[in-house]
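To start, the structure under review is shown below, and the notes come after it.
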Amino acid sequence: MGDITYGLPSMISYQTALDDRPLEQYNEDDIEIPDVGNRQILVAPLLEVFSVSIHPGHEHNDALLDGRPCHIYGKIIVSDKRGSTYCLYSRSEVEPEIVYLNGTLSLTGPNMDPILPSEVLEVEVDLKDSTRGIDIAKGTFTLDYTTEYEYEVATSKRVGGKHSYATVHYTTFRFAFTATVNVLFTAQDEGSGAVADVHGKLVAYSSTGYPDNANAEEKCYFSRTLFKKQDNESVRVEAGSSLKLARYVIGVPGYSSLEIKVDLVDCLSGWQTAKKTLMFQSKYILGSPEMQDVVVQGGLIKVTVVWNHVTDTCGVYGTIMVDDGLAEVFIFKREENHPEIVDPSGNSLLLDIHREIIGGDFVMKLDLKDVKGRAVNMALQLCITPSFLIQAKVKVLLLSDDGGCGCVGVMGRLLAQYSNYKYSTPYGREYRCSILFNKRHPEDCFLLNPGSELPFSRSVVAVPMGWTLEIEVTMQFNSQPAFSESEPLTGSLKLKSMLEGQSFDELRGQNYRIRVSVEWKQDQVSLYSCRLHIVQFPWVSLL
C-alpha cells in the first residue's frame, strides 16, 4: 500500500486512510461534507445500478420502426471472480415487460445484498424482444477497481444488439449504506376503501455526481424506479398490505438524503397522491424505521425507510511493519489462508498495539488486503500518545448482591479510554480506545461464576501521566439461558493515574456489580506509545 514516515516529536495523534492521500491534502472540507445527509456513520463502497434504458440502434433498425413497444425478457447479472452473483433483472419469455424505446426496465435487484466492489466485476446483459424475436442487447463489460477508478460519478455503459442497444446507468459510491423501502396502504374503514387498484410510479433519488456535459434527459436515468405500472396494469392492494415493489433495497451515499417521489392513482375510488415528494434525511437511528404518510381519500399511504450498514465481515491479511532505524518489527502479519475476520464496525484484536518507540522518526510499511478482493473498504487509525506513560493493569471482578453462586451469562463490552483526550466525533471515541472485553452476541455469551475475574482480550494499557483512565461499561447479565430478561449494567468508571500503587472503583446494578482494580506501574523506557486499529469501513467525516 505504501510507506508512512512520522517525525515523532511533533506528533500527538491523527488518522490516515489507506488511499495513499498525503496528510497535507486533508482540510476542513474532509471533516464535514455539507449536505442534509447522515454524518459520522459507518459506510462502505457500493455499486448502485440506477436503471437500464432501451434505445434504437443507428443502423439496421427497421424492425423497430413500427412504433410498437418492446416486450422485453432476459437477464442482467453482476458477478465477481470469487463466485458472488447479483441478479438485477430476470424475466421469462412468457412474462415479458412492456417497454417503449428510450424507456427503462423495472430492475428487480439486487435483492437484500448490496453489490460490494471487488477487484473486478462483470456485468452481463442478455435481453430479447418476444414479439419481434430479436436480440435487444447481448454482451458483457467489466468494472476494474484495481486501476484508477472514478467514484461518485454518474456513468453509462452501452451494450449493443443488432437492432438496438441497452445502456446501464450506474455509480460506485465510495461511502454508502443501504435503505430498505416499504409502502403500506391503510384504509379508514372496511368499506369500499378497503381495496385499491393502484397504478403510477414510485421513484427514488439521491445525490449523484453528474458529468459536466450531462443533460436533463441523461440525468433522469440516474434514479431508481421502485414501482411503475400503467393504468391498464394496475395492482390490487388490500388495506393493511404492502405494495409489491420492483426493488426494495437501494444504496445511498452517506452524505446524501433520500427523496422518494410518490405518484400513485387508485382506479376504484379515484384518489391520487398528486406527485408527492418525501424527504428521508438518514439522521434516524440505523436499523429503526423512518416513516412518512401521504393522505389519500379514505386512507393513508405509509412509506417507511430503514437505514442499515453493510454487515459483511472483512477478512484482513497482509503485514504492517514499523522501522525505527534500529529494527524492523511486524505489528501485524497474517497469511491469506489465515486472515483475521473483522466485524463491520470492529477493530483488529491481533495487533501488537503497544510498541514503544524511543524518539526520532519511524517508517510504517503497509500491505493489507481483503480476502474477498473488495476495494477501498478498510481504514487504518494510528494513535500516538506522548510520554510520560504509566502502565495500567486492569482487572474486573463480577460480584452478585443476591447471594447467588451459579453460573451467570455475561455479554457486552468494556472499553478503556482517556478522559483528557478531545474526541472530535462519536466514532473517534469508538476507535481511540482499548477493547478489554467484547462479547456482544448471544452466541458469544460467556459463563462466569460470581467472584470470578472477567477474561480480557488484553489487560494492560498505557495512560499518560496526569490523565484519567475511563472504563466504559455496557454489559448484560443473566442467570437464565436466554437473554430476553437480562439485567443491564451501563456506566463509566474513572480512575486517576498514579506513579505506583492501586486504585479501585465499582459499578452497581440491581443484582450484579463489577469491581474494577487498576495496578499502576511506572514505564521507564517508553517515550511514545503507538496504537493501531484496522477498521473495516471508512468514516464519512474522515475520508
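The values are calculated or read from the model by the stated rules, or taken from the named source; none is laboratory data. Source: prediction; values computed, not measured. Cβ coordinates were reconstructed from backbone atoms using ideal geometry, including for glycine residues, and neighbour counts include every protein chain displayed.
Scanning segment 107-130 for residues that are at pLDDT below 90 and among the polar types (S, T, N, Q), we see that the one that is surrounded by the fewest Cβ atoms within 10 Å (Cβ to Cβ) is N111.
Counting the residues of segment 325-344 that are free of Cβ contacts under 8 Å to residues at least 40 places away in the same chain, assigned to a loop (DSSP other than H, G, I, E, B) and either under 16 Å from V371 (Cα atoms) or in contact with a Pro (Cβ under 7 Å, 6 or more places away or on another chain) (or both) gives 5. Of all residues in segment 180-190, those being modelled with pLDDT under 90 and either within 14 Å of D266 (Cβ to Cβ) or buried (at least 19 other Cβ atoms within 10 Å of the Cβ) (or both) number 4. I54 falls short on exactly one of the conditions (1) at pLDDT below 90; (2) within 30 Å of S256 (Cα to Cα), and that condition is (1).
Within the span defined as segment 282-295, every residue fails to be modelled with pLDDT of 90 or more and either buried (at least 16 other Cβ atoms within 10 Å of the Cβ) or not assigned by TED's automatic domain parsing to the domain that holds S106 (or both).
Number of residues in segment 465-477 that are surrounded by 18 or more Cβ atoms within 10 Å (Cβ to Cβ) and of a type outside the set (D, E) equals 6. Hey, does segment 192-208 have a residue that's part of a strand (DSSP E or B), touching a Gly at 6+ places or on another chain (Cβ under 9 Å), over 21 Å from E150 (Cα atoms) and at pLDDT below 90? Checked against the condition, which is being part of a strand (DSSP E or B), touching a Gly at 6+ places or on another chain (Cβ under 9 Å), over 21 Å from E150 (Cα atoms) and at pLDDT below 90, segment 192-208 yields at least one hit.
The number of residues in segment 297-311 that are over 21 Å from T225 (Cβ atoms) and either in contact with a strand residue (DSSP E or B) (Cβ under 8 Å, 6 or more places away or on another chain) or modelled with pLDDT of 75 or more (or both) comes to 7. Of note, V237 satisfies the criterion of being in contact with a strand residue (DSSP E or B) (Cβ under 9 Å, 6 or more places away or on another chain), at pLDDT 85 or above and farther than 12 Å from V203 by Cβ. The strands (runs of 3 or more DSSP E) falling completely within segment 435-543 that include 2 or more residues that are among the β-branched types (V, I, T) and modelled with pLDDT under 80 map to 528-535.
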